């Protein structure tokens, strides 16, 4: 790459934060809604709706016009929706909820990225919320984090979890352990989507999740086919299960911790037992995806101070190193994902062989 | 634009903050320096230098590899500098100082962009520094702001101000007023670059700048050819000058304030007097530049809560509306600017005609 090309690329990086906050602010101020709800609008008309100056409206919409989100009629001095007019409501809700999550979880915390990597924990959570721990735990006590994170994740898990259950084998009457199963959603989905006579699913997570999980089981009428075991996966994995599910979890950790988890599972189950993993993955050729544009900053700078996805081939190798034979490994096809996606999720199924 | 193209573009916006903080963190952690100072390095070697985990090094460098800043040898599992190897030190210093300015002034404050636009002032300064006012005033009392802003601006003004003086007419023996001249740098440069017998330059700015300005004049041995007048441009412009310079100032304000400044200057000088303006401008076709990717967020969200550059043609019109005839209007040629630049500066020279 020539120096000129590198410096040009550097500029793209430097305008990244400003582009993001300008775009999101156009939505937050109601400029986009006003353009959708009315005909062509002048800067003054939009300013009246948003309660800001027409000068600010003009400044903000320059970028929208540049990138064809909005169009500007020079003669009439009016704005109308451009590319944004053709986006379906569900698509717009998705990108806006993710954008809000990025604003709330990442923008401010990004200031402390370097300190977070050094400390191995998200320093920004301490600075902005006085919280010592990871973002998932912080979200349980800080509504702003919970709402922005939850809303963004709901749009993903709504179609990712059904895809997971379509593609994994849960034998009839299996005894399933949902590792780091939170408050029982995975157990509920297992019964709903892979139910069979004798099937029993146990959620394993920190003891403080137990009451919520048991209530969820009762509300779904499956309390007799579900259980909860409180514990810490790094202290030991409970035994007596023929299938172990590890969903939305391995990407939070570094290699040595992923190995501790996989070896813990291996030592807790019998030869022939199954493990099903759901995790985002980087493509084999790192140049093929936007995942690396997002995840390192998210996990290292904002969520954990460590962790991040791996390639599918890396997880395969790690499973083999921990005594499992991989029986199925599939990643989402980017062609089937929304054009704004940066993450392909993968399913790895394996069987304990030693 | 198709919905697919719009959503794809949205993704570019969404990964903007994470890309930026990942890139900057690679520099802050010393990974780039370590690669420059040594041969090919493994993740573990780089981790030892940076005092972080090899897992974090791998995660951070994925993006550098993706964008060819750094190269990765799969077989040897080592990293070397890619595109970054060919960037001259001065170029790298420039983009890093600007990147640090973006981190310090914009990342966290970007969280309050919408509130800042509504309030007409940078809300983030209040939140993060307890400061009620604009970023230029905040920088006089907060070292972090001053250092990051000053360092970034020094790289610009070092070549912009000489270009300004090369292109403006300062008649022999003129009586020059440097409007919002801060602590006298413009006055000093005028004598240095446009000196003539009888030339006298007065710096006009807030009274609190007077002592620093007078000391600067003495240190440059030009105290007998310089003066300082304390005041507020919106309260009135002093009279008795034949040339008024307005550098690095008009872009801070909305239209009504720019008009107040230009009309104030007009009423303070005689017919035939000159005004020379230095200001960043947007290109006539907004799609031709990166300025709108940066400035609205900077001025509205972080620096002023208002303001922002205009097109050269807009400033021409405004000058005419305020009683001036434009005699020269030139903008920097993008071809002469570093590839990472997003802002073309312009010089507008005008003469009072009514």
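The numbers here are math on the coordinates, done by the rules we state, and not lab data. As the structure is a computational prediction, the values presented were derived from the model and not from experiment. Backbone-built Cβ (ideal geometry, glycine too); neighbour counts: all protein chains shown.
Here are some notes:
- Estimated FRET transfer efficiency when R0 is 22 angstrom, pair residue A:151-residue A:206 (beta carbons, to 0.05): 0.40
- Share antiparallel - DSSP beta bridges, chain B, percent rounded to 5: 50 percent
- Scaled radius of gyration (Cα, divided by 2.2 N^0.38 Å) that the stretch B:202-354 gives: 1.11
- Computed helical MRE - 222 nm, chain A, DSSP H runs ≥ 4 contributing -39500 (n - 2.57), nearest 500: -14000 deg cm²/dmol
- For chain B, the longest principal axis of the Cα atoms and the long axis of helix B:255-268 meet at an angle of about 30 degrees.
- Peptide B:49-59 is shielded by partner chain Cβ atoms: per residue, an average of 6 of them sit within 10 Å of its Cβ.
- For the A-to-B rotation axis, chain A residue with nearest beta carbon and its distance in angstrom: A:16, 1
- Per-copy distances of the residue A:314 label point, shortest first, in nm (7 angstrom along Cα→Cβ): 4.6
- Remark: the Cα gyration tensor places the stretch B:145-230 in the oblate category, a/c being 1.5 or greater and a/b not exceeding b/c.
- Cα gyration tensor shape of the stretch B:43-170, rounded if a/c is under 1.5, else prolate or oblate by comparing a/b with b/c: oblate
- Spread of Cα-to-Cα distances over 5 Å intervals beginning at zero, given as percent, for the stretch B:126-278: 2, 9, 17, 21, 22, 16, 8, 4, 1, 0, 0
- Full extension of the chain segment joining residue A:144 with residue A:2 gains 46.7 nm, where the gain is 0.36 nm per residue of separation less the Cα-Cα distance.
- For the stretch B:82-158 and the stretch A:112-180, distance of Cα centres in Å: 32 Å
- Acute angle (nearest 10 degrees) that the helix B:89-102 long axis makes with the longest principal axis of chain B, alpha-carbon atoms: 80 degrees
- Degrees separating the helix B:312-321 axis from the principal Cα axis of chain B, which is the longest one: 20 degrees
- When residue B:327 is represented by a point 7 angstrom out along its Cα-to-C-beta vector, the spacings to that point in the other copies are 8.7 nm, nearest first.
- log₁₀ of I(q)/I(0) at q = 0.05, 0.06, 0.07 Å⁻¹ - the protein assembly as shown, Debye sum with one point per alpha carbon: -0.30, -0.42, -0.56
- Hull shadow area, averaged, the stretch A:198-260 [alpha-carbon convex hull, nm²]: 5.0 nm²
- Mean separation of Cα contacts under 8 Å (6+ apart) over length of the stretch A:172-311, as relative contact order %: 22 percent
- Once you reduce the stretch A:303-340 and the stretch B:29-81 to the center of their Cα atoms, the two points are 22 Å from each other.
- Our Cα-only numbers for the stretch A:1-113 put the radius of gyration and Dmax at 15.9, 48 Å.
- Placing a label point 7 Å from Cα along the Cα-to-Cβ direction at residue A:90 gives distances to the equivalent points in the other copies of 5.6 nm, listed shortest first.
- Shielding by other protein chains, A:61-70, mean Cβ within 10 Å: 6
- Across chain B, the mean sequence separation of Cα contacts (distance under 8 Å, 6 or more residues apart), normalised by length, yields a relative contact order of 14 percent.
- Anisotropy class of chain B from Cα gyration tensor, a/c 1.5 cut: prolate
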